[in-house]
1. Go through segment 160-184 and give me each residue that's within 16 Å of ligand 1 (Cβ to nearest atom) and charged (D, E, K, R).
2. Return yes or no: is I207 within 30 Å of H18 (Cα to Cα) and within 15 Å of ligand 1 (Cβ to nearest atom)?
3. Pick out, from segment 1-118, the helices (runs of 4 or more DSSP H) lying fully within it that include 3 or more residues that are touching a residue at least 12 places away in the same chain (Cβ under 8 Å) and of a type in the set (S, T, N, Q).
4. Among the candidates N6, N19, single out the residue that is of a type in the set (S, T, N, Q), more than 9 Å from ligand 1 (Cβ to nearest atom) and in contact with a Lys or Arg (Cβ under 8 Å, 6 or more places away or on another chain).
5. For L134, all conditions in the list (1) touching an Asp or Glu at 6+ places or on another chain (Cβ under 6 Å); (2) away from ligand 1 (no atom under 16 Å from the Cβ); (3) under 29 Å from E74 (Cα atoms); (4) hydrophobic (A, V, I, L, M, F, W, C) hold save one; what is the number of the exception?
6. Take the residues of segment 34-67 that are among the charged types (D, E, K, R) and over 16 Å from the mean Cα position of the chain (by Cα): which is nearest to ligand 2 (Cβ to nearest atom)?
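Bear in mind that the values in this text are calculations on the coordinates, not laboratory data. Computed from a predicted model, the values in this text were never measured in an experiment. Counting neighbours? That spans all protein chains shown, and the Cβs are built from the backbone with ideal geometry, glycine included.
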Amino acid sequence: MLEIKNISINTQDKSLLHNISMDFQLWKNYCILGKNWSWKSSLAMTIMGNSKYILKSGDILLDNQSIKNLSPNERSKLWIFLAFQHIPEIPWLKLFEFLRTIYNVHNETNYSFLQFKKIIEPVFQELNLDREFLRRDLNVWFSGWERRKLEVAQIKLLQPKYIILDEIDSGLDVDAFKKVAKLVTEENQEGNTFIIITHIFTILDYIPVDKVFVLENGKIIEEGDKKLVNKIKEKGFN
Ligand SMILES: Nc1ncnc2c1ncn2[C@@H]1O[C@H](COP(=O)(O)OP(=O)(O)OP(=O)(O)O)[C@@H](O)[C@H]1O
Ligand SMILES: [Mg+2]
């Protein structure tokens, strides 16, 4: 179980999150809702260990062990994964090398070009992604749909257990969104846990959620079951 225990977060000059507590159990899915500027992405970055977000108090536990001092790499090895809201572009870093590096670091292996080719090509085939992509610079000139598909490719490759999707629905047209939602749903069958951050709700038609948290101004203002989503859909966040 992944537990966020009463955390408060600062950046260098701002206080962002206040006394947040959440539990995420395997086999269940969660949703974090909130209007723009409610500090949802900051919370995701904090769980993943981005050092810009400084833990002022509280702790983050995985199976009762504190992970608050671990680097993002180390947290990834413990099966936590974050699909970013804003996916970075990295010119000069070939997609193949990026994927091979994260795979090797994650699994503590040292697969060569040829060894990794045998691993990545079936994943690309399954996702209907052209192998030519592997030669391109990471995310540079990729469409929204291609970027999201590559996030799914990373999930397939790393097989994380706690998967945080930060507005995976942004930047997609309706059809592309449905396809991504379907791919994600297929990944939700192996006893993993999705933590879905959104303010659009449509993704929740595809992935069943067990618990919903609503954030505002860096605080949890409400929590409950899926009925809370319907309430917010009808009445808005206020
Ligand atoms: N590293 C940082 N340094 C300074 N300010 C930050 C940092 N990260 C986030 N913020 C600020 O925190 C506020 C909340 O940002 P955040 O991206 O977490 O909100 P959000 O709920 O994800 O919004 P959205 O729904 O628009 O994605 C913003 O004012 C943002 O500029
Ligand atoms: Mg955000």
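1. D166, E167, D169
2. no
3. It comes to 40-48.
4. N19
5. (1) is the only condition that L134 fails.
6. Pass one, segment 34-67, residues among the charged types (D, E, K, R): 35, 40, 52, 56, 59, 63.
Subsequent filtering for residues that are over 16 Å from the mean Cα position of the chain (by Cα) retains 35, 52, 56, 59, 63.
Working: K35: 10, K52: 14, K56: 21, D59: 23, D63: 28 Å.
Only one residue fits best here, namely K35.
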